[in-house]
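Enquirer: One structure, as structure tokens, below. Some questions next.
The values are calculated or read from the model by the stated rules, or taken from the named source; none is laboratory data. Keep in mind it's a predicted model, so treat the numbers as computed, not measured. All Cβ positions, glycine included, derive from the backbone under ideal geometry; neighbour counts span all protein chains shown. Just so you know, the surface numbers come from the protein's heavy atoms only, side chains and all, with ligands and any DNA or RNA stripped out. Shrake-Rupley method; radii C 1.70, N 1.55, O 1.52, S 1.80 Å.
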Amino acid sequence: MSATNIHLNRVSLNDLINIISEKTAKSVAQKESKKTKANESFLYNNLLRTYKSGIKVTKHFANRLQQRFILDEVQVLSSAISRAIRQTQTQEVGCNHKSISQKIIDKMTGIVVVLERQGMYGAVLVTSYKLGEENLLSDEELRDLRTRGIL
């Protein structure tokens, strides 16, 4: 394995979640601060704790992450995931929260993120891949995405 093909297993999944949480909290805090005139630093710290505990990954996501993305792509990937989380909304049916898988294509990076929003600040990351590389999806992954209504 060459130095340019060092896979994400050198960056722990917790590190990736921390980066995603920081980017998401920063963006949401800036937006809320402008809207409500609240202290941005205070909002950021509260949101950061909430997002860190609210972002989960499936085992499938963790496995595919190591196969599809190299270490140099961590910042780009985390930005795409953060934007995907902010773009999706929870699917409410009456008073019962209904988790529905949603596919977001990040136009800036060409990364596809499949996730389930859970509550206001939570998300379960299902899978992620680069746009145009759908032919690299495994049979198991295709079945899972079809079951979720994504494909």
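Enquirer: Tally Lys/Arg at +1 and Asp/Glu at -1 over every other residue whose Cβ is under 10 Å from the Cβ of Ala84; what's the total?
Expert: Working: positive: Arg83, Arg86, Lys103, Arg117; negative: Asp106.
That works out to +3.
Enquirer: Would you be so kind as to identify which of Ile100, Thr88, Phe61 lies farthest towards the positive end of the dipole of segment 16-147, taking Lys and Arg as +1 and Asp and Glu as -1 on Cβ and the Cα centre as origin?
Expert: My answer, from the dipole projection, is Thr88.
Enquirer: Please name whichever of Val74, Ile17, Asn46 sits farthest to the positive end of the charge dipole of segment 7-77, dipole taken about the Cα centre and charges placed at Cβ: Lys and Arg +1, Asp and Glu -1.
Expert: Going by the Cα projections, it comes out as Asn46.
Enquirer: When the C-alpha atoms of the chain are aligned to their principal axes, what extent does each axis show, in angstrom, from largest down?
Expert: Per principal axis, max minus min of the Cα coordinates gives 49, 42, 25 Å.
Enquirer: Measure off, as a whole percent, the carbon and sulfur share of the 1.4 Å-probe accessible area of the chain, all protein chains present. List each step's numbers first, then the result.
Expert: Working: 4350 of 8780 Å².
C and S fraction of accessible area: 50 percent.
Enquirer: Here is a further query. Quote the accessible area belonging to Arg68 in square angstrom, nearest 10, computed with a 1.4 Å probe and with ligands, DNA and RNA left uncounted.
Expert: We get 40 Å² for Arg68.
Enquirer: Rounded to the nearest 500, what is the chain's calculated 222 nm mean residue ellipticity when only DSSP H runs of at least 4 contribute -39500 (n - 2.57) each, over all residues?
Expert: Values: 5 runs with 72 residues, N = 151.
Counting only the DSSP helices, I get -15500 deg cm²/dmol.
Enquirer: Longer than 30 Å from Cα to Cα, which of Lys52/Lys107; Lys34/Lys59; Lys31/Lys103; Lys35/Lys56; Lys34/Lys130 are they? Say none if no pair is. Let's see the in-between values first.
Expert: Values: Lys52/Lys107 25 Å; Lys34/Lys59 37 Å; Lys31/Lys103 24 Å; Lys35/Lys56 28 Å; Lys34/Lys130 33 Å.
Check vs 30 Å cut-off fails for Lys34/Lys59; Lys34/Lys130.
Enquirer: How large is the charge dipole for the chain, taken about the Cα centre, if only the Cβ atoms of Lys, Arg (+1) and Asp, Glu (-1) carry charge, to the nearest 20 debye? Don't skip to the end; give the middle numbers.
Expert: Working: 23 positive and 15 negative charges, 110 e Å.
Once rounded to the nearest 20, the dipole reads 520 debye.
Enquirer: Provide Thr88, Thr36, Thr109 ordered by accessible surface of protein heavy atoms (probe 1.4 Å), highest first. The partial results should precede the final answer.
Expert: Values: Thr88 5, Thr36 80, Thr109 50 Å².
These residues rank, largest area first, as Thr36, Thr109, Thr88.
Enquirer: How much length, in nm to one decimal, is gained on full extension between Lys59 and Ala38, taken as 0.36 nm per residue of separation minus their Cα-Cα distance?
Expert: Numbers: separation 21, 0.36 × 21 = 7.56 nm, distance 3.77 nm.
Using 0.36 nm per residue and subtracting the Cα-Cα distance, I get 3.8 nm.
Enquirer: Counting only heavy atoms of protein chains, what accessible area per residue, in Å², does the chain have with a probe of 1.4 Å?
Expert: 58
Enquirer: Right, something else. What number does segment 7-77 give for Rg over Rh if you use C-alpha atoms and the Kirkwood radius? All intermediate terms of the calculation are to be shown ahead of the outcome.
Expert: Numbers: Rg = 14.3 Å, Rh = 13.2 Å.
Dividing the radius of gyration by the Kirkwood radius yields 1.08.
Enquirer: Multiply the residue separation of Glu140 and Val76 by 0.36 nm, subtract the distance between their alpha-carbon atoms, and state the gained length in nm to one decimal. Intermediate values should be presented prior to the final figure.
Expert: On the way: separation 64, 0.36 × 64 = 23.04 nm, distance 2.62 nm.
Additional length available on full extension: 20.4 nm.
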